[in-house]
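Okay, structure first, notes after.
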Amino acid sequence: METITLNQTETQPGTRTVQRTNHKPGNEGFNRTALDNVFTLLKLTFVIVPVVAGIDKFTNLLTDWEKYLNPSFAGLLPFSGAVFMKIVGVIEIVAGILVFSRPSVGGLVVAAWLAMIALTILASGNYLDIAVRDLVMAISAFSMSRLAKFSQSH
């Protein structure tokens, strides 16, 4: 439900200016600070997570990343899965840095990257929960990219 408020002011004797204000209930608490806070949280997430995951491709402390590699895809590679994961790690680190420096572009890169990973995992038929998680993260990265255009803290 939308409420319309008409404000009348007299600019010159005998004339009136009517200003129409559209107000949607529920927007009372919205302000620029809230937008900036959401944007900053998403930006930090998409800087830190890709960089940490990228570094871990070299150490495998968080997980054995090769197990997420689609076996059909791994068979097409001209090198081992371990080498491929290190290449992926470098790309993820660069993507995180890109989000830090140019969030509107970096967010799109991370969103596309995560969507490709999710589709590859879905195609393998394994780790479907991880694929869903990556798709949700892709949507979040895309949203962060869009918010960058409106936030003052980018």
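Specify whether the C-alpha gyration tensor of the range 71-127 places it in the rounded, prolate or oblate class, a ≥ b ≥ c being the square roots of the eigenvalues: rounded for a/c under 1.5, otherwise prolate if a/b is larger than b/c and oblate if not.
oblate
Report the extension gain between residue 128 and residue 63 in nm, rounded to one decimal, defined as 0.36 nm multiplied by the number of residues separating them, less their alpha carbon distance. If you can, show how the numbers build up before the last one.
Numbers: separation 65, 0.36 × 65 = 23.40 nm, distance 1.64 nm.
Value of the extension gain: 21.8 nm.
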**Prompt:** Between residue 52 and residue 91, what is the spin-label point distance in nm, taking each point 7 Å from the Cα along the Cα→C-beta axis?
**Reply:** 2.2 nm
**Complete:** With 0.36 nm assigned to each residue of separation and the Cα-Cα distance removed, residue 150 to residue 116 gains 9.5 nm
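Any read-out appearing in this document is the output of simple, stated calculations on the displayed coordinates, not a laboratory observation. Every value quoted in this text rests on a predicted model; they were computed, and no experiment measured them. Virtual Cβ from ideal backbone geometry, glycine too; neighbours counted across all protein chains shown.
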